[in-house]
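Read through the structure below, which is laid out as structure tokens, and then see the notes.
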Amino acid sequence: MDKIKITVVLLLAALLSAACSNLDNNKKISIAYVNWSEGIAMSHLAKVILEEHGYNVKMLNADLAPIFASLSRKKADVFMDVWMPVTMHDYMEQYGDRLEIISDIYDNARIGLVVPEYVTIRSIEELNEHKELFSGKIIGIDAGAGIMKTTEKALDNYGLDYKLMTASAPAMTTSLEKAIQKKEWIVVTGWTPHWMFGRYKLKVLDDPKQIYGKAESIHTVTWKGFSEKDPFAAKLLRNIRLTDRQISSLMTAVEETQKTETYAARQWIKAHQTLVDSWIPMK
């Protein structure tokens, strides 16, 4: 009889352990992000909220191409920085049938060529006339970024005799800051929302041929079937929407913090608790 009791206890313990293990697995989530200011801010915002609801969140920093590939193979769960319809059109064409668009986080995003306000030109069409002042260079970001592909199209369509320089987003903003300090002319690939528009006086050059398109939306994307696997997380992510003022304040908080992105996101949440509470799904 004692042996039977011991066997039953061990069996129950094993079943309980397996149940807990499955529960833990269901509460794991990975968020991929690129080194773009809005993506860093929004991803860490989601990280903190999910952690507050018991999730073990893994942050995956990578370039665009491996992120889309990872999402399509379920190696990453969430990417919160998908610009459509122009900037990431090619990636969605390639991987879209294996992905699920969860939400539209922000719907007033723009891309284009950006110069300091003291630069006297207003249109992309004027760049060739002032090539020497710009040293014949457009300072870009990551090679695989959609804005870089679109800028290549702009070079062709406008007949620009410029070299598009590949860099990282932080390197681009560093070059911009150094040029502004010296009042030098500089043109960079830029986008809004971005904290640099709050820190410096900048303008987006007119694009009469509409190569860069009009306003875009920033979406959250997961692998197809994720919302069935984790309906709570999917509903939470679907509820996250930000206005111009909200996303600007979030990005500024993350950019200017002397601590970590997670700390900055947590402080932003405390200052916007009512808003964040409205995103939490009913269990």
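Remark: region 181-193, residue by residue, has Karplus-estimated 3J(HN,Hα) of 4, 9, 6, 8, 7, 8, 10, 10, 6, x, 7, 10, x Hz, where x stands for each Gly or Pro and the curve is 6.51 cos²θ - 1.76 cosθ + 1.60 at θ = phi - 60°.
Send over the semi-axes of region 17-133's equivalent ellipsoid, whole angstrom and largest first, taken as the square roots of 5 times the C-alpha gyration tensor eigenvalues.
Working: eigenvalues 292, 54, 26 Å².
Equivalent ellipsoid semi-axes, largest first: 38, 16, 11 Å.
Could I get the Rg over Rh figure for the chain? Both from C-alpha atoms, Rh via Kirkwood, rounded to two places.
Values: Rg = 22.7 Å, Rh = 20.7 Å.
Over the Cα atoms of the chain, Rg/Rh equals 1.09.
Applying 0.36 nm per residue to the separation of ALA69 and LYS183 and subtracting their alpha-carbon distance, the gain on full extension is 36.9 nm.
Add +1 for every Lys or Arg and -1 for every Asp or Glu among the other residues with Cβ under 10 Å from the Cβ of GLU255, and state the total. Spell out each step's value before the answer.
Values: positive: ARG199; negative: GLU256, GLU261.
Taking every Cβ under 10 Å from that of GLU255, the sum is -1.
Entry for region 110-204 at q = 0.12, 0.16, 0.21 Å⁻¹: log10 I(q)/I(0) = -0.32, -0.59, -1.08, Debye formula applied to identical alpha-carbon scatterers, no solvent contribution. Mean residue ellipticity, 222 nm, helices only, the chain: the sum of -39500 (n - 2.57) across DSSP H runs of n ≥ 4, divided by residue count and rounded to 500, is -14000 deg cm²/dmol. Across region 128-138, coupling constants 3J(HN,Hα) worked out from phi with the 6.51/-1.76/1.60 Karplus curve, θ = phi - 60°, read 4, 5, 10, 4, 5, 5, 8, 6, x, 10, 10 Hz, and Gly and Pro carry x. Amide H contacts for ASP142 (H built 1.01 Å from N in the peptide plane; partners 5 or more residues away or on another chain; cut-off under 5 Å): ALA167, ALA169.
The H on the amide N of ARG110, modeled in the peptide plane, is under 5 Å from the matching H of THR192, GLU216, each at least 5 residues off or on a different chain.
Here the contact order of the chain, divided by its residue count and restricted to Cα pairs under 8 Å and six or more residues apart, works out to 27 percent.
Converting phi to 3J(HN,Hα) with the Karplus coefficients 6.51, -1.76 and 1.60 and the offset θ = phi - 60°, region 70-75 yields 5, 4, 5, 9, 6, 8 Hz in sequence order, with x at every glycine or proline.
Using Cα springs under 10 Å in a Gaussian network model of the chain, which residue among LYS209, LYS28, LYS182 shows the largest mean-square fluctuation? Between LYS209, LYS28, LYS182, it is LYS182 that shows the largest mean-square fluctuation.
Along the chain, the longest continuous region that contains none of the GluC sites (Glu not before Pro) in a DSSP loop with at most 11 other C-beta atoms within 10 Å is 133-283.
Between amide H atoms placed 1.01 Å from N, distances below 5 Å from ILE105 occur with ILE218, HIS219, THR220, all of them 5 or more places distant or on a separate chain. Distance between the modelled labels on ASP107 and GLU93, one decimal in nanometres: 2.6 nm (7 Å Cα→Cβ projection). Positive-end ranking of VAL48, LEU60, ASN35 along the dipole of region 31-84, with charges on Cβ about the Cα centre, is headed by LEU60.
We did not get these values from a lab; they are worked out from the coordinates using the rules stated. Because the structure is a prediction, the values reported are computed rather than measured. Cβ sites come from the backbone with ideal geometry, for glycine too, and all protein chains shown count toward neighbours.
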